[in-house]
Amino acid sequence: MHHWESSELIALAIDYFAKSFQHPINIPAMARSLGVSLSLLEYHFDHYRGRTIFEALTHYRLNRLCDAISHDPTGLLTVQTQACGFRSVCEANSAFIANFCLDLVQFRNQCLHVAAWRQADRHQLAGAPLELVPCSGDKAGANADALMQRPTPYHAST
């Protein structure tokens, strides 16, 4: 039996996430494929990462979703969330709020502002600062309808 260093085992699990995050991941099957027991894998994540395997997988998927939205803020959230392994926009939005205190619509809108700022004459947008606004429960609910809509891209005036 192999004696695992925590960093080595966690790195193998993260590599597994990277290869499979777009698809459903069965965590007990992942542990078997890594050649360890589920309890050992859970121990290493809990003790050395301070989160469960499921939380680590969700965080990995959320980071990929942030990348996808920031690279294509006009893309459909349904497509982007499914490509990152979430079953629905609502599931992704709930996880996004829980981890970043910001909902997907707010994040996407900020990405649109950044894209417009990059394309526009910087002097035109100098007076319009970008800010992250933590979402409240009411604000998250108010944006539920907007989650399913394709955004209107901001166009810099020429």
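The values are calculated or read from the model by the stated rules, or taken from the named source; none is laboratory data. Note that this is a predicted model, so its numbers are computed, not measured. All Cβ positions, even for glycine, are placed from backbone atoms using ideal geometry, and neighbour counts span all protein chains on display.
From 126, 92, which residue is small (Gly, Ala, Ser) and at pLDDT below 95?
126
Does residue 43 qualify as being at pLDDT below 95, out of contact with any Lys or Arg (no Cβ under 8 Å at 6 or more places or on another chain) and surrounded by 14 or more Cβ atoms within 10 Å (Cβ to Cβ)?
yes
Please determine whether any residue of the range 97-110 is at negative phi, surrounded by 15 or more Cβ atoms within 10 Å (Cβ to Cβ), without any contact (Cβ under 8 Å) to a residue 24 or more places away in the chain and in a helix (DSSP H, G or I).
Checking the range 97-110: at least one residue is at negative phi, surrounded by 15 or more Cβ atoms within 10 Å (Cβ to Cβ), without any contact (Cβ under 8 Å) to a residue 24 or more places away in the chain and in a helix (DSSP H, G or I).
With out of contact with any strand residue (DSSP E or B) (no Cβ under 6 Å at 6 or more places or on another chain) and modelled with pLDDT under 95 as the only criterion, which of 101, 84, 66 stands out?
After ruling out the rest, the residue left standing is 101.
Scan the helices (runs of 4 or more DSSP H) fully inside the range 1-72 and keep the ones with 1 or more residues being in contact with a His (Cβ under 8 Å, 6 or more places away or on another chain) and not β-branched (Val, Ile, Thr).
Correct list: 6-20.
Quick one: which of 29, 18 is touching a residue at least 40 places away in the same chain (Cβ under 8 Å) and among the small types (Gly, Ala, Ser)?
Unique residue meeting the criteria: 18.
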